[in-house]
Each structure stands twice: as C-alpha cells, then as structure tokens.
Amino acid sequence: MPIYSIIHQALVPVRATPSDASEMVTQLLFGELVEVLERDKQWQQIRNQADLYEGWVDEKMLYSVGEDWHSKVARWEYIHTPYTTALCQIGDIGFPFKLVFGSRIPIMEDQMKWDDILLELGPIRWRIPRSSLCPLNIPSASSLVNLSQVFLGAPYLWGGRSPWGVDCSGLTQMVYGLHGIHIPRDASYQEKEGKSVTFAEGQLGDLAFFENDQGKVHHVGIILGRNEIRHASGNAHDDYLDDTGIYNRITERMTHRLCSIKRIL
C-alpha cells in the first residue's frame, strides 16, 4: 500500500513544475490524499489518490500519514457549505481557519458521535463543527444538479476546484466526486468516460462536451434538461444548449460547438 500524505491547507495550488511561478494545473482541497512520487528541494511531485492527476506541491502543504493512521479512520465526510470556519491550534496559538466546500474530513472511530470533529496532524489540531459536514451524496441526476448550484457565480479560474474559482472540468469533477464517482481532471479525459448518448437522449445530469476548431475536446458542462446547460465560462452559470452547441444568454451568440454527450451515472 502506498504511503499517502494529506493536504492540510485550505486550498492548495498544484504546479506544472517545481516553482511558485509555474502554471497552476489544478488545486487540492483540505483532506485530500496524495502519493508522493519525487522530491525537488522544498517541492514534492504528487499523484492525487482520487483521479491520479500529477503535479508539484510545496512540501509545507502536506503531512505524511501512515497505514496506522488510515486504520483509525471510520469514514470521510465533506464540507457541504460554501465555507466553514474551523479552529486551528498550533501549541498555545489558536486562530480561525477557513475550509471551503468539498474539503474532505476524516472521522476517527472514537469521534463518530462527537458534536465537533478533532483532527490532529503532528503539532497542529483542528476543531471542525460537525454541523458543516455530511457524507457523500447518493448518486442521482437531481442530486448532481442540485449540488452544482454551489458553484453558480464562481469566477472562471484555470485549474480551480472551489466556489471561489473553478474551471469547466473542475466543476464537473467536484460534483461527481462528492457523489463517490471519480472522473478524470481534464475535459478531454472525462469525455472518454461513460456511455455515449444522442442529443435527443440527453437528460438531467449528463455531461456535454465541446470541441475547438482543431477537433479537440476543450470544454464540458452539466445538462440541466429543457435545452439548458450549467458550465464554467467567464463564471459558472447556465446557458442555452441545442444540438449544435451553447448559446450564451448575455451575448446572444454561440460560444461552444457540441462534440458529444456522455452518461456517467
């Protein structure tokens, strides 16, 4: 079994190369587990446990957890509000710590009935309100669409995966992931998942994919039904969808050319 590290900062950039100036290719949220592949000074090349996506993270964002720690985790829950405030304590110093929607919290065996969850990683302790947590959602088309509402209005951010900044495939990956369905990070790889359906067969919760002039898949959104789609472009919002592509409500023009529709559920 690989030895994993846990992300212990609220929202961590994953870089293409080991440098703060490098492109952010994705983000990791508090509580996500990664496998360390390589080290370069203070940087660690990691592979996300959930989607196998690789990149570079500053070692200060990670804490190594072993098999013994894993064996004590009874279940994982996630932050279901746009954000919540936990209490973080390092020694005698305590301060508020913001956790964003989708952050994963390990619940230890002896804490199942606690009102607040206490997470300890070395010298750092977090007290997280249990009222802000819930287990993974039961997969259904309506639940997928309802959960995606949390992202509405989020500004477009290349590599983003939170309500404070999200890209198109980050939105779809987060929504499906919080239903226990792990799909790849990028739209072009998400398009390889699931069952192909026609536009006429498309239904609530299906994923619609779009191609550029070179025929490469570069965009994805969640079908809402009744010729509507929810996607991140400029910000996360709803637009019209027909069998040719996306028609923007504000600019009143076609913005994305439809390539395929996939049913993941």
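One table, with the values for the structure above:
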item	result
The stretch 131-140, subset over 19 Å from residue 8 (Cβ atoms) and open to solvent by less than 50 Å² (accessible area, probe 1.4 Å), residue farthest from the chain's Cα centre (by Cα)	140
Any chance residue 124 is among the β-branched types (Val, Ile, Thr), touching a His at 6+ places or on another chain (Cβ under 9 Å) and touching a residue at least 40 places away in the same chain (Cβ under 8 Å)	yes
Qualifying residue in the stretch 181-198 (condition: of a type outside the set (S, T, N, Q), without any contact (Cβ under 8 Å) to a residue 24 or more places away in the chain and out of contact with any Ser or Thr (no Cβ under 8 Å at 6 or more places or on another chain))	yes
Those residues of the stretch 57-90 which are touching a Lys or Arg at 6+ places or on another chain (Cβ under 7 Å) and either open to solvent by 50 Å² or more (accessible area, probe 1.4 Å) or touching a residue at least 60 places away in the same chain (Cβ under 8 Å) (or both), in sequence order	76, 78, 83, 85, 87, 89
Qualifying residue in the stretch 95-107 (condition: open to solvent by 70 Å² or more (accessible area, probe 1.4 Å), of a type in the set (S, T, N, Q) and within 15 Å of the chain's Cα centre (by Cα))	no
Residues of the stretch 1-33 classified as farther than 19 Å from residue 163 by Cα and open to solvent by 20 Å² or more (accessible area, probe 1.4 Å), total	12
Of residues in the stretch 81-112 being at pLDDT 95 or above and not in a strand (DSSP E or B), the one farthest from residue 29 (Cα to Cα)	101
Unique residue being out of contact with any helix residue (DSSP H, G or I) (no Cβ under 8 Å at 6 or more places or on another chain), assigned to a strand (DSSP E or B) and more than 17 Å from residue 184 (Cβ to Cβ) when the list is 238, 243	238
Count - residues of the stretch 113-125 that are crowded, with 19+ Cβ neighbours inside 10 Å and either over 26 Å from the mean Cα position of the chain (by Cα) or assigned to a loop (DSSP other than H, G, I, E, B) (or both)	0
Residues satisfying the stated conditions in the stretch 248-264, i.e. free of Cβ contacts under 8 Å to residues at least 24 places away in the same chain and within 26 Å of the chain's Cα centre (by Cα)	248, 255
Output for the stretch 145-185, where each listed residue is closer than 13 Å to residue 232 by Cα, open to solvent by 30 Å² or more (accessible area, probe 1.4 Å) and of a type outside the set (A, V, I, L, M)	149, 153, 155, 156, 158, 164
Complete set of residues in the stretch 204-226 that are open to solvent by 10 Å² or more (accessible area, probe 1.4 Å), closer than 20 Å to residue 182 by Cα and touching a residue at least 60 places away in the same chain (Cβ under 8 Å)	204
Residue 229 being surrounded by 17 or more Cβ atoms within 10 Å (Cβ to Cβ) and without any contact (Cβ under 8 Å) to a residue 24 or more places away in the chain	yes
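The values are calculated or read from the model by the stated rules, or taken from the named source; none is laboratory data. In this text, all values refer to a predicted model and were calculated from it rather than measured experimentally. Here the Cβ is made from the backbone with ideal geometry for all residues, glycine too, and neighbour counts use every protein chain on show. Protein only, heavy atoms only, side chains kept; ligands, DNA and RNA dropped before computing areas. Shrake-Rupley method; radii C 1.70, N 1.55, O 1.52, S 1.80 Å.
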